[in-house]
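First the structure, in the form of structure tokens, and then the observations on it.
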Ligand code: RFL
Ligand code: PHB
């Protein structure tokens, strides 16, 4: 016996994409349910993104969840690129009139959960065996198991917000789905440490021994990364080894200001560029990591997810409030145009800033020449800046 549930939009995945979509729909009076194979505590604990574009901040304001973000987030007007000890500041604000906000994904997720719980959102956590069905029909459904019980959700639309490893994308027949992939031959090892950041602004560094990134979560908490072997386990990276590598890659001048301590989070993430086309199949829409992955070098993953959700919520709200399906029909093509531009930027910055084992001496010289060009040309710096602060949502066509 199944438990039957009815809603307008069934959202699979309770990460930032799914949570923001349910929040924006609820504000417009559109009903949704959200299901996730994990629970709130687990989802809030995943340490990931740290940099929000201006457009992401606007989306969170529109969603009514930006109070704490404005109180605790740290606006950044610039970012540093470093190459074998030479540093070049990209003046984000001076070059574009915009800045970015440093505020962790864990905090964005918590703010969204707080708002959804306050609003009485229907959640189903720790679900298993999620299966989207009848996606081409006008009455799709989603089946799942929770605590040994079967559930069947009947809905108008299914939003696949279930990340890279989710089931939604897999529900699109292989005869329809095209995927594009670039795997990078290394990973990022990231740590959190309760010490003040080594610099007030982020530093992306390419050193002969590999990439390093100095980021932060607050004035007293730092988030640091080093490029590592793709097959490394965190056990290969005791804190001593991390600090040694990290200081070397930052260079002696910057490392002189580094405060070290015991890390309390340490994880390794692979680097991948990935796009799935189309992002709509019948009444299923994909959003966020379910449809695309970028390497973290440009800090774009969460921001892309939020941009998708802004366009998807607009499409669904126009349908329910005005009977206008124009945005539903153009959702996939509109979103993908912007996605590919952001993929390009993330790939380009990753290519510039890492040590690739297969690089020839010629390619190494090309990286150096590109860094020197960016450092000496305001136009080249502006190209980095305008991508880093975020491309516009609507002028993508
Ligand atoms: P998420 O966050 O992966 O959430 C998907 C949710 O779906 C659930 N799920 C399922 N639920 C039901 N049934 C199933 N079969 C399911 N399969 C999965 C999962 O449990 C999960 O809760 O995807 P979403 O919402 O699209 O959000 C995307 C962002 O999380 C991601 O793009 C960013 O974290 C990427 N990223 C960064 N993005 C930025 O914009 N700026 C950054 O500075 C930045 N840094 C990063 C990053 C990602 C990193 N890692 C670890 C991948 C740094 C790192 C290290
Ligand atoms: C982070 O703070 O986690 C972070 C910042 C910038 C990136 C990636 C991750 O490009």
Report task. Go through region 37-71 and give me each residue that's over 18 Å from the mean Cα position of the chain (by Cα) and within 27 Å of residue 268 (Cα to Cα). Result -> 37, 38, 39, 40, 41
Report task. For region 272-283, indicate whether the set of residues that are within 16 Å of ligand 2 (Cβ to nearest atom) and at pLDDT 95 or above is non-empty. Result -> yes
Report summary line: All-but-one check, residue 170 against (1) farther than 16 Å from residue 38 by Cα; (2) in contact (Cβ under 8 Å) with a residue 60 or more places away in the chain; (3) within 22 Å of the chain's Cα centre (by Cα), failing number (2)
Query raised in the report: Among the residues of region 309-323, is there at least one that is over 30 Å from residue 83 (Cα atoms), away from ligand 2 (no atom under 16 Å from the Cβ), assigned to a helix (DSSP H, G or I) and within 15 Å of the chain's Cα centre (by Cα)?
Result: yes
Requested in this report: Inspect all residues belonging to region 87-104 and state whether any of them is at positive phi and touching a residue at least 24 places away in the same chain (Cβ under 8 Å).
Outcome: no
Query - Tally of residues being at negative phi and out of contact with any strand residue (DSSP E or B) (no Cβ under 8 Å at 6 or more places or on another chain) across region 118-140 - result: 4
Requested in this report: Among the residues of region 169-209, write down those that are out of contact with any helix residue (DSSP H, G or I) (no Cβ under 8 Å at 6 or more places or on another chain), away from ligand 1 (no atom under 14 Å from the Cβ) and over 27 Å from residue 343 (Cβ atoms).
Outcome: 193, 194, 195, 196, 197, 200, 208
Report summary line: Listed by first then second residue, the pairs whose first member lies in region 377-397 and is within 14 Å of residue 92 (Cβ to Cβ), whose partner is part of a loop (DSSP other than H, G, I, E, B) and at pLDDT below 95, with beta carbons under 7 Å and at least 6 positions apart or on separate chains, are none
Query raised in the report: Which of the residues spanning region 218-250 are within 30 Å of residue 71 (Cα to Cα), within 16 Å of ligand 1 (Cβ to nearest atom) and surrounded by fewer than 16 Cβ atoms within 10 Å (Cβ to Cβ)?
Result: 221
Query raised in the report: Does residue 363 satisfy the criteria of being part of a loop (DSSP other than H, G, I, E, B), over 25 Å from the mean Cα position of the chain (by Cα) and more than 21 Å from residue 213 (Cβ to Cβ)?
Result: no
**Report entry** Residues located in region 286-304, provided they are out of contact with any helix residue (DSSP H, G or I) (no Cβ under 6 Å at 6 or more places or on another chain), within 6 Å of ligand 1 (Cβ to nearest atom) and in a loop (DSSP other than H, G, I, E, B)
**Finding:** 299
Query raised in the report: Within region 92-105, can one find any residue that is away from ligand 2 (no atom under 15 Å from the Cβ) and under 18 Å from the mean Cα position of the chain (by Cα)?
Result: no
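The values are calculated or read from the model by the stated rules, or taken from the named source; none is laboratory data. These numbers were taken from a predicted model, which means no experiment stands behind them. FYI the Cβ positions are ideal-geometry reconstructions off the backbone, even for glycines, and counts take in every protein chain you see.
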